[in-house]
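A.B. asks: For reference, the structure I am asking about is given below.
The values are calculated or read from the model by the stated rules, or taken from the named source; none is laboratory data. Just so it is clear, the structure is predicted and the values come from calculations on it, not from any experiment. Quick reminder, even Gly has a Cβ in these numbers, built from the backbone with ideal geometry, and neighbours come from all protein chains shown.
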Amino acid sequence: MMGQQDPQKELFSYHIDLDRRVRADNPLRQVARVIDFTFARREVAHTYGANGNVSVDPSVILKMMFLLFYDNVASERQLMKVIAERLDYLWFLGYGLDEEIPDHSVLSKARARWGNEVFEKLFVQTISACVAAGLVEGSKIHMDGSLIAANASRDSVIKTSPELVAALKAVYQEQATKLEEPGEPGPANKTRISMTDPQSELAATKGQPSRPSYKEHRAIDDAHGVITAQTMTGGSIKEDTQLMGLVEQHEVRTQCAVQTVVADSQYGTIKNFLACHDRGLRAHMADLNTAQQEGGQRQEFFPQEQFTYDITSDTYRCPAEANLKRWQHRPDKGGWQYKAPTAQCAGCPLRSQCTDSKHGRRVQRLDRQVELDWLRVQSASRAAKRDRRRRRHLMEGSFADAANRHGFKRARWRGLRRQRMQGHLIAACQNIRILLRRKVVRPGAAGAVQITFRSSRHWRPSCQP
């Protein structure tokens, strides 16, 4: 017998149990089992007074902001409308069917009051959960950076004097200091500033015009791509400046000692190679100097590799068989310059292929040249090239996943402080999804939780604290 749904609205709803309405394998049930959001109440308690109106529970607010990025809801206004329609959202937040959903303004007020630390701790909690689940190997990390379009148009950028730009930056830096947020070094865009978001910086991707941007620098673990470290800067900040900070973040948050750093040529500077050597790290980074030559830069003259060093006489022999002797020490470069006599260089038949300087060709040898040469050999090894191929897959996959699923490529809010919040929330969402993919969480008998792990050909034992 065919049934027919009665569309008549019920006047009373006494027996609706959301816990029974939300299926057992709903992803939000698994999130609730592996991540504790109640820490937010302790973390932000000092920002609330003892009198006045009772606020929305901070753990509920944090869950709302998590949902905003986890499902990439278009806006906070839209989120509040969706919450009322989604039984799993209501269950996850602890609301009943008849409870009033708060106004979207509670989220912006909470962000202004709380600061960045609570979002960072949520991100760190996801790292700890992944470590405990055996999804972090710890000894090898991959690094890269990606631009994020600021919530400001190119039309908002004005060109003015360096003094005015510095003054405006100082005002915003002062406000960030009042909010106990760390600032960035002096502005890289000295004559241009966005009046909509002054803390963003002009930066361009390949083939695209420059626009106000931020940049996220992140490190991911080799085993499963868990994000273990990340930092947010203005868009013009170079990636190589963030390498050691990411290494230290990874080690603190995972309690694992890094042994190998994998990165592209943007990180492969002399400073970074030597810093890795001093920390006992294998530097599987592409060499910036080699990449520039292969990319067609500075090809009009003989590269330094064509000058042969003789350790016995402490001289270089140029392609024309002339000897370049030690000439001048450069403390700022950390090495010595070598050159041939000016007259000899001026009459050389290969001069047009070697230099256009009236003083002749100079070759620099660092005080730590032997260490640097060994590190460059290590960078060109088969193992390093294999790691960089895997890095391309892992890092590009991580950023693409963030962009496609969590709105990574566009800033929702304005200001570096709020952009850091967005970075922590998106990284937390990605780590949680990795955690849920790699393990299946099911309710057992008497409410117990049973955890089983999916197999992975890339699985390795996790490091131990």
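A.B. asks: When Glu120 is evaluated against the numbered criteria (1) over 18 Å from Arg417 (Cα atoms); (2) of a type in the set (D, E, K, R); (3) modelled with pLDDT of 95 or more, which criterion, by number, is the only one it fails?
C.D. replies: Tallying (1) over 18 Å from Arg417 (Cα atoms); (2) of a type in the set (D, E, K, R); (3) modelled with pLDDT of 95 or more, Glu120 fails exactly one: (1).
A.B. asks: Just the residues that are surrounded by fewer than 22 Cβ atoms within 10 Å (Cβ to Cβ) and not β-branched (Val, Ile, Thr), please, taken from segment 115-127.
C.D. replies: The answer is Gly115, Asn116, Glu117, Glu120, Lys121, Gln125.
A.B. asks: Looking at (1) within 26 Å of Met143 (Cα to Cα); (2) modelled with pLDDT under 90; (3) of a type outside the set (Phe, Trp, Tyr), find the lone condition where Glu300 falls short.
C.D. replies: Answer for Glu300: the failing condition is (1).
A.B. asks: Sticking with this one: Please find, among Val82, Val22, the residue that is at pLDDT 95 or above and farther than 25 Å from Lys121 by Cα.
C.D. replies: Working: Val22 fails: at pLDDT 95 or above.
The unique qualifying residue is Val82.
A.B. asks: Where residues in segment 128-145 are out of contact with any Asp or Glu (no Cβ under 6 Å at 6 or more places or on another chain) and either closer than 18 Å to Ala204 by Cβ or small (Gly, Ala, Ser) (or both), which of them is surrounded by the most Cβ atoms within 10 Å (Cβ to Cβ)?
C.D. replies: The selected residue is Gly138.
A.B. asks: Criterion first (at negative phi, small (Gly, Ala, Ser), in a loop (DSSP other than H, G, I, E, B) and in contact with a helix residue (DSSP H, G or I) (Cβ under 9 Å, 6 or more places away or on another chain)) does Gly225 satisfy it? Spell out how you get there, then give the answer.
C.D. replies: Working: at negative phi: no; small (Gly, Ala, Ser): yes; in a loop (DSSP other than H, G, I, E, B): yes; in contact with a helix residue (DSSP H, G or I) (Cβ under 9 Å, 6 or more places away or on another chain): yes.
Against the criterion (at negative phi, small (Gly, Ala, Ser), in a loop (DSSP other than H, G, I, E, B) and in contact with a helix residue (DSSP H, G or I) (Cβ under 9 Å, 6 or more places away or on another chain)), Gly225 does not qualify.
A.B. asks: Can you give me the ranges of the strands (runs of 3 or more DSSP E) entirely in segment 303-402 with at least 1 residues that are more than 38 Å from the chain's Cα centre (by Cα), in contact (Cβ under 8 Å) with a residue 40 or more places away in the chain and farther than 30 Å from Ala427 by Cα? Before you say what the answer is, go through the steps one by one.
C.D. replies: Details: elements: 308-310, 315-317, 323-330, 335-339, 362-366.
Fully inside segment 303-402 and qualifying: 308-310, 315-317.
A.B. asks: Looking only at residues in segment 385-403 that are small (Gly, Ala, Ser) and either buried (at least 20 other Cβ atoms within 10 Å of the Cβ) or in contact with a Cys (Cβ under 6 Å, 6 or more places away or on another chain) (or both), which one is nearest to Asp221 (Cα to Cα)?
C.D. replies: The selected residue is Ser398.
A.B. asks: Just wondering, is there one or more residues in segment 86-98 that are among the hydrophobic types (A, V, I, L, M, F, W, C), in contact with a Gly (Cβ under 9 Å, 6 or more places away or on another chain) and more than 24 Å from Arg405 (Cβ to Cβ)?
C.D. replies: no
A.B. asks: Sticking with this one: Would you please name the residue that is farthest from Ile193 (Cα to Cα), looking only at residues in segment 231-255 that are at pLDDT 95 or above and of a type in the set (A, V, I, L, M, F, W, C)?
C.D. replies: Checked segment 231-255; the qualifying residue farthest from Ile193 (Cα to Cα) is Val252.
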